[in-house]
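Written out below as structure tokens is the structure these notes cover.
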Amino acid sequence: MVWGLFVIFASISLIAVGGATSSLNEIHRQLVENRHWLDDRTFGQLFALAQAAPGPNVLAVSLFGYWIAGLPGLAASTAGMLLPAGTLAFFVGGLAQRLKGHPALKAINGGLVPLAVGLILAGGVTLAATAAAHGWGWIGMTALSAAFVWRTNFSPLWMLACGAVLGLIIG
């Protein structure tokens, strides 16, 4: 299982244009739908916990690994997500410096932006579907949270706190 976590996250890391959040849809598919290592509820809760903690979005990957296989799972999933992408970024970064200003590089960068946005939106749809599995009230809370974060200058942690309190009340 530990090796499986490493392989899953190593392969996902190479397509994670925009970071770990952009690959959330594939992470969900692998861990929940294909392997059944997590259920929808746990997946959503671990992701929310990772987002509430200070630090990079890749913390979610570490939490998923820890939940599935303890400390070895945490190490395997984190290493799987960071090592291949970090190595690729190192070599591509050097190449990008040499090709700075080249029209092909500008075209590639321009194409990666909508790709990252689309992947992040797909992750949002996955989280919304996870919320829908627990009733329409959770979809409403998700929409309200998104509107709150988008339209106000308050910290998103306020919505996480409200969701936690609501979750305790509803059970």
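The values are calculated or read from the model by the stated rules, or taken from the named source; none is laboratory data. Treat the numbers as computed from the prediction; the structure is a model and nothing was measured. All Cβ positions, even for glycine, are placed from backbone atoms using ideal geometry, and neighbour counts span all protein chains on display.
Structure values in brief
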item	result
Test: G65 is assigned to a helix (DSSP H, G or I) and over 16 Å from Q45 (Cβ atoms)	no
Region 26-46, subset touching a His at 6+ places or on another chain (Cβ under 9 Å) and either charged (D, E, K, R) or not assigned by TED's automatic domain parsing to the domain that holds F6 (or both), residue surrounded by the fewest Cβ atoms within 10 Å (Cβ to Cβ)	R41
Count of region 2-24 residues which are surrounded by fewer than 21 Cβ atoms within 10 Å (Cβ to Cβ), touching a Leu at 6+ places or on another chain (Cβ under 7 Å) and not aliphatic (A, V, I, L, M)	1
Single residue of region 118-165 satisfying the filter (assigned to a helix (DSSP H, G or I), farther than 17 Å from D40 by Cα and not hydrophobic (A, V, I, L, M, F, W, C)) that is modelled with the highest pLDDT	R151
Qualifying positions in region 64-95 - crowded, with 21+ Cβ neighbours inside 10 Å and either aromatic (F, W, Y) or under 27 Å from L160 (Cα atoms) (or both)	F64, G65, I68, G73, S77, T78, M81
Filter pass, F90 being farther than 15 Å from A20 by Cβ, assigned to a helix (DSSP H, G or I), among the aromatic types (F, W, Y) and over 17 Å from the mean Cα position of the chain (by Cα)	yes
Qualifying residue in region 105-115 (condition: assigned to a helix (DSSP H, G or I), over 17 Å from L49 (Cα atoms) and in contact (Cβ under 8 Å) with a residue 40 or more places away in the chain)	yes
Subset tally (residues that are at pLDDT 85 or above and either of a type in the set (F, W, Y) or on the phi > 0 side of the Ramachandran plot (or both)) for region 30-60	4
Among (1) farther than 19 Å from G19 by Cα; (2) exposed (fewer than 14 other Cβ atoms within 10 Å of the Cβ); (3) over 20 Å from the mean Cα position of the chain (by Cα) - the single one G110 does not satisfy	(1)
Condition met for V17 (under 12 Å from the mean Cα position of the chain (by Cα) and either β-branched (V, I, T) or not assigned by TED's automatic domain parsing to the domain that holds L127 (or both))	yes
